[in-house]
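Participant: What follows is a single structure, and I will ask about it in a moment.
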Amino acid sequence: MSTIIQALAPIFLLILLGYALKRRGFPAPGFWPAAEALTYYVLFPALLLDKLARIDSGHALGRMALALILAVCTVSVLLLAARRLVHRDGPAFSSIFQGAIRPNTYVGLSAAAALLGPEGLSLAAVALMTLIPLVNVLSVSVLGRYGLGPDGEPRGAGLPGVLRELARNPLILSCAAGFCLNAAGLRLPSALGETLRVLGSASLPMGLLAVGAGLRPSSVGAHVRGVLAAGTAKLLVLPLLTALFCRLLGVEGAAFGAAVIFTAIPVSASSFILARQMGGDHGLMAAVITAETAAAAATMPLLLSLFPGLLPPGA
């Protein structure tokens, strides 16, 4: 447990630092949106391309991906089946749904790197490639069904739009390029590879600072019920189901660890933007993002300690 806490502490300290800097107005009001855009469109794709181009394809990547898909789909079905128990209000339910399945990729990759090293970081990139299309399609489908348009009426599904967005998503494109290079046995020129590594090394600290800058603690008190529903599903049920499916499918070692870590992380801050754009309850979404990010500092070490096989030696 102590090793897990020591490994994860820098992640949450960086998030806390980002929150403190934003509260102080440092370095400037327009800095944080620009920093987030730089990370999302340049630094993070460089990291993913570099890692996936060099990943050892001998890992049980297909079984790990299947375990993640089964876990996310199971949680989605359970939430939809219990919608009226979770929250009767459609927009609020759509935000709870997002809060239960969407991963914060910055936290996930940072945690995998801290606990599992370079191999874990590469495997977490595979988890990212698996989950981003799935959770986006599911989230937009639910928002299309339960979110409200400007006239207060249901919006309609809007799946063609999300498919177009996925095709332009820089994270998806960089993952696909890395996989193609790996499958073809091609290696990037050393100068280009080193450039990607330098850019990628800046992505995780900058991304974590941006996560902290986006937190809104004042929003949590008004949405306790929804926060508890989303947080329980995301921080407890989803990772435990992932561990179960990994065991059933024979996923072991670092692949098992990366899958559990990537589903034990809090919800992505981008969920707030999607909720606001598609008529979800963006106030509740802000509360869920903030509460899950804070709670994950405690739930992740506790949860990961249940699986000694994925921990560093001496944990």
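Participant: I want to confirm something. Restricting to the stretch 1-54 and keeping residues that are among the small types (G, A, S) and under 30 Å from F307 (Cα atoms), which single residue is surrounded by the fewest Cβ atoms within 10 Å (Cβ to Cβ)? Explain how you work it out, then say what you get.
Facilitator: So the first thing to find is which residues in the stretch 1-54 are among the small types (G, A, S), and the list is 2, 7, 9, 18, 20, 25, 28, 30, 34-35, 37, 46, 53.
If we keep only those that are under 30 Å from F307 (Cα atoms) too, we end up with 2, 7, 9, 53.
Working: S2: 10, A7: 21, A9: 13, A53: 22.
Result: S2.
Participant: Being surrounded by 23 or more Cβ atoms within 10 Å (Cβ to Cβ), in a loop (DSSP other than H, G, I, E, B) and of a type in the set (A, V, I, L, M, F, W, C) is the requirement here; does V251 meet it?
Facilitator: Values: surrounded by 23 or more Cβ atoms within 10 Å (Cβ to Cβ): yes; in a loop (DSSP other than H, G, I, E, B): yes; of a type in the set (A, V, I, L, M, F, W, C): yes.
Considered against the rule, which asks whether it is surrounded by 23 or more Cβ atoms within 10 Å (Cβ to Cβ), in a loop (DSSP other than H, G, I, E, B) and of a type in the set (A, V, I, L, M, F, W, C), V251 comes out as yes.
Participant: Do the conditions hold for T299, that is, is it more than 21 Å from L138 (Cβ to Cβ), β-branched (V, I, T) and either out of contact with any Pro (no Cβ under 9 Å at 6 or more places or on another chain) or surrounded by fewer than 24 Cβ atoms within 10 Å (Cβ to Cβ) (or both)?
Facilitator: Numbers: more than 21 Å from L138 (Cβ to Cβ): yes; β-branched (V, I, T): yes; either out of contact with any Pro (no Cβ under 9 Å at 6 or more places or on another chain) or surrounded by fewer than 24 Cβ atoms within 10 Å (Cβ to Cβ) (or both): yes.
It is true that T299 is more than 21 Å from L138 (Cβ to Cβ), β-branched (V, I, T) and either out of contact with any Pro (no Cβ under 9 Å at 6 or more places or on another chain) or surrounded by fewer than 24 Cβ atoms within 10 Å (Cβ to Cβ) (or both).
Participant: Next question. In the stretch 153-173, what count of residues is obtained for those that are modelled with pLDDT of 75 or more and surrounded by 12 or more Cβ atoms within 10 Å (Cβ to Cβ)? Let's see the steps before the verdict.
Facilitator: Going residue by residue through the stretch 153-173, those that are modelled with pLDDT of 75 or more are 167-173.
Within this subset, residues satisfying the condition of being surrounded by 12 or more Cβ atoms within 10 Å (Cβ to Cβ) are 169-173.
Of the residues in the stretch 153-173, 5 are modelled with pLDDT of 75 or more and surrounded by 12 or more Cβ atoms within 10 Å (Cβ to Cβ).
Participant: If I ask for residues that are out of contact with any helix residue (DSSP H, G or I) (no Cβ under 7 Å at 6 or more places or on another chain), assigned to a helix (DSSP H, G or I) and modelled with pLDDT of 90 or more, which ones from the stretch 260-315 would you list?
Facilitator: Hits for the stretch 260-315 are A294, A298, L302.
Participant: Of the residues A222, A243, A210, A176, only one is in a helix (DSSP H, G or I), among the aliphatic types (A, V, I, L, M) and at pLDDT 95 or above; which?
Facilitator: Numbers: A222 fails: at pLDDT 95 or above; A210 fails: at pLDDT 95 or above; A176 fails: at pLDDT 95 or above.
Unique residue meeting the criteria: A243.
Participant: Within the stretch 255-271, is even one residue more than 20 Å from the chain's Cα centre (by Cα) and either farther than 26 Å from W32 by Cα or touching a residue at least 12 places away in the same chain (Cβ under 8 Å) (or both)?
Facilitator: Keep residues of the stretch 255-271 that are more than 20 Å from the chain's Cα centre (by Cα), which gives none.
For the stretch 255-271, residues more than 20 Å from the chain's Cα centre (by Cα) and either farther than 26 Å from W32 by Cα or touching a residue at least 12 places away in the same chain (Cβ under 8 Å) (or both): absent.
The values are calculated or read from the model by the stated rules, or taken from the named source; none is laboratory data. Computed from a prediction, not measured in an experiment: that's the story for all the values here. Every residue, glycine as well, gets a Cβ built from its backbone with ideal geometry; the counts of neighbours run over all protein chains shown.
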